[in-house]
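I have placed the structure first, in the form of C-alpha cells, so that the comments after it can refer back to it.
The values are calculated or read from the model by the stated rules, or taken from the named source; none is laboratory data. None of the values given here were measured: they were computed from a predicted structure. Every residue, glycine among them, receives a Cβ derived from its backbone with ideal geometry; neighbour counts consider all protein chains shown.
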Amino acid sequence: MDWTTLYTMQAQLDKYIETKNNLNSKSVFQEKCLALLVELGELANETRCFKFWSSKSRNEKHVILEEYVDGIHFILSLGIEKGHHYVSKFIQSTNCTETEQFNEVFEGCIMFKKEPNHRNYEKLFESYIQLGNVLGFTETEIQEAYLKKNEVNYERQNQGY
C-alpha cells in the first residue's frame, strides 16, 4: 500500500486539531502514545481474543476495522510528529495468535515511546500491519475505512468532540 496519501491526510487533520485547540507550540507525543495504547485496548476488546473466560462472540468485522483504523490514525500521527514515514515493503506473515500479535504491538508502542527512532517506528508500524493481517483485513479495506474515519474525525472536531 502507498501510505503517502494517508500521511498527507493525517498531517492535515493533525494541523487542524492543533490550530483549533491552540496546540501549535506544544508537543503531544506522550498523549498520542497513550491514546494509541488505549485504542489498542479498545481494538482488543472488540475482538475478545484475550477473554479466555468468556464465550461471548467477537464484534462484527466492520466494528473491529473501525477500531483498527483509529490505531492507524495515531501511528501515522506519531510518525509525522517525530519525522518518520513508513514506506511499504513486503512484510512477513506471522504465526502469532491475535493475542500474541496484540502484545507485539503493545511492546512496539512502548519501545517507540522510550526511543522514538526510525527503526522502532518501522517495527511498530509493521507489527500493526501484521495485526491487521491476522485480523483478516485487506489493504483496500484499511484504506477505505481510514478515509471514512478521517471524515468522522473532522466532523467530531467541528462539533466540539
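Out of all the residues in the stretch 102-132, which are under 20 Å from residue 41 (Cβ atoms) and of a type in the set (S, T, N, Q)?
Those that are under 20 Å from residue 41 (Cβ atoms) and of a type in the set (S, T, N, Q): 103, 127, 130.
Does the stretch 50-66 contain any residue that is under 18 Å from residue 122 (Cβ atoms), in contact (Cβ under 8 Å) with a residue 60 or more places away in the chain, touching a helix residue (DSSP H, G or I) at 6+ places or on another chain (Cβ under 9 Å) and surrounded by 10 or more Cβ atoms within 10 Å (Cβ to Cβ)?
No, the stretch 50-66 contains no residue that is under 18 Å from residue 122 (Cβ atoms), in contact (Cβ under 8 Å) with a residue 60 or more places away in the chain, touching a helix residue (DSSP H, G or I) at 6+ places or on another chain (Cβ under 9 Å) and surrounded by 10 or more Cβ atoms within 10 Å (Cβ to Cβ).
In the set 32, 56, 89, 26, which member is of a type in the set (D, E, K, R) and part of a helix (DSSP H, G or I)?
32
Which numbered condition trips up residue 143, out of (1) of a type outside the set (A, V, I, L, M); (2) in a helix (DSSP H, G or I); (3) at pLDDT 95 or above; (4) more than 20 Å from residue 29 (Cα to Cα)?
(3)
Please work out which one of (1) among the hydrophobic types (A, V, I, L, M, F, W, C); (2) surrounded by 15 or more Cβ atoms within 10 Å (Cβ to Cβ); (3) not in a helix (DSSP H, G or I) is the condition residue 72 fails and give its number.
Of the numbered conditions (1) among the hydrophobic types (A, V, I, L, M, F, W, C); (2) surrounded by 15 or more Cβ atoms within 10 Å (Cβ to Cβ); (3) not in a helix (DSSP H, G or I), the odd one out for residue 72 is (3).
Name the pairs whose Cβ atoms lie under 7 Å apart, with the first residue in the stretch 84-111 and touching a residue at least 24 places away in the same chain (Cβ under 8 Å), the second among the charged types (D, E, K, R) and part of a loop (DSSP other than H, G, I, E, B), and 6 or more positions between them or separate chains?
88/2
Can you find even one residue in the stretch 145-159 that is of a type in the set (Asp, Glu), out of contact with any helix residue (DSSP H, G or I) (no Cβ under 9 Å at 6 or more places or on another chain) and farther than 17 Å from residue 86 by Cβ?
Yes, some residue in the stretch 145-159 is of a type in the set (Asp, Glu), out of contact with any helix residue (DSSP H, G or I) (no Cβ under 9 Å at 6 or more places or on another chain) and farther than 17 Å from residue 86 by Cβ.
Tell me the residue from 44, 35 that is surrounded by 17 or more Cβ atoms within 10 Å (Cβ to Cβ) and under 18 Å from residue 157 (Cα atoms), please.
35
Go through 91, 80 for me and flag whichever is at pLDDT 95 or above and either exposed (fewer than 13 other Cβ atoms within 10 Å of the Cβ) or in contact with a helix residue (DSSP H, G or I) (Cβ under 6 Å, 6 or more places away or on another chain) (or both).
Checking each option against the conditions leaves just 80.
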